[in-house]
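Take a look at the structure below.
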Amino acid sequence: MKTMMAKSSNDSSFSLSRRYFHFKNKDTNQGGNEDDHQVLTFNHLTPKHKHGIVSISKLRSAIAALGKARSDRVVGTIFGHRRGHVHFSVQPKKGDSKPTFLVELAMPTTALVREMASGAARIALECDRWSKGEMRKKAVLQEEAIWRAYCNGKKYGVAQRFECGAEEWRILRAVGPITVGAGVLPANGDVEEEEDGEVMFMRANFERVVGSRDSEAFYMINPEGVGGPELSIFLLRV
């Protein structure tokens, strides 16, 4: 399994923190329902730099687009060795095929566990738009290779998309029969894996919302009548 250097710090230039926006529940009295998720609304901000103005403006447009987006259901799996890093996998609804999107964050697995224990974890992955003078090779947002990673307003270095290898596929097969749940997989006896510890995982259905070619969101769906932590993952090209 790939390894990355973990980095956790606040970043005033790009951080998707409370300084830029806050979350609020959708109004269920205006056409919503109990399954509605939280939405982003931006706080007032006047950046000092021109670059900041462009960045915040693009983010505001991207998030606003999610209100009139198309959506579908997918299977999402968060996993990582206890002393390793967070991986996020997206599979079609049945969850028995190779991932359509697989990314490794520099965020330590234990850090995400702490964030989830607070009741909600909101992960934002940002990548840059291509300049007008460049020919776009990847129009599909999920094909972007490198992302800036944030969780609940704190920066966690970068995230990297990669193809599913034998080790990742072994883990996804092991949790395949699980529709919704979390747990720990024992190490498979490999020396390197023994050093990294057991594999912690959480698996659930997610609502995938596509706002535009530059914005997508994944909202974890908790079983009806069962309370649990909230998890939202945002992909943004800004």
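The values are calculated or read from the model by the stated rules, or taken from the named source; none is laboratory data. Remember, predicted model here, so these are calculated numbers, not experimental data. Don't worry about glycine lacking a Cβ; one is built from the backbone with ideal geometry, like all the others, and counts go over all protein chains shown. These area figures cover heavy atoms from the full protein model, side chains too; ligands, DNA and RNA do not enter into them. Shrake-Rupley method; radii C 1.70, N 1.55, O 1.52, S 1.80 Å.
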What is the gain in length, in nm to one decimal, between W130 and E198 on full extension, counting 0.36 nm per residue of separation less the C-alpha to C-alpha distance? 20.6 nm
Other-chain or far-sequence residues with amide H under 5 Å of G211's (modelled H): E216, A217
Can you put K155, K98, K93 in order of accessible area, largest first, using a 1.4 Å probe? K93, K98, K155
Table column - 3J(HN,Hα) (Hz), the range 178-184, Karplus curve with 6.51, -1.76, 1.60, x for Gly and Pro: 8, 7, 9, x, 9, x, 9
If you count only protein heavy atoms and use a 1.4 Å probe, how large is the accessible surface of M220, to the nearest 10 Å²? 20 Å²
Can you tell me the FRET efficiency between S212 and K93 if r is taken as the Cβ-Cβ distance and R0 is 30 Å, rounded to the nearest 0.05? 0.85
Amide H neighbours of G157 under 5 Å, at least 5 residues apart or on other chains, H built in the peptide plane: list them. K7, S9, A149
Sorted by chain and number, the residues with a modelled amide H under 5 Å from that of N222, at a separation of 5 or more or across chains, are none
Report the full-extension gain for the segment T179 to S71: residue separation times 0.36 nm, less the Cα-Cα distance, to one decimal in nm. 36.9 nm
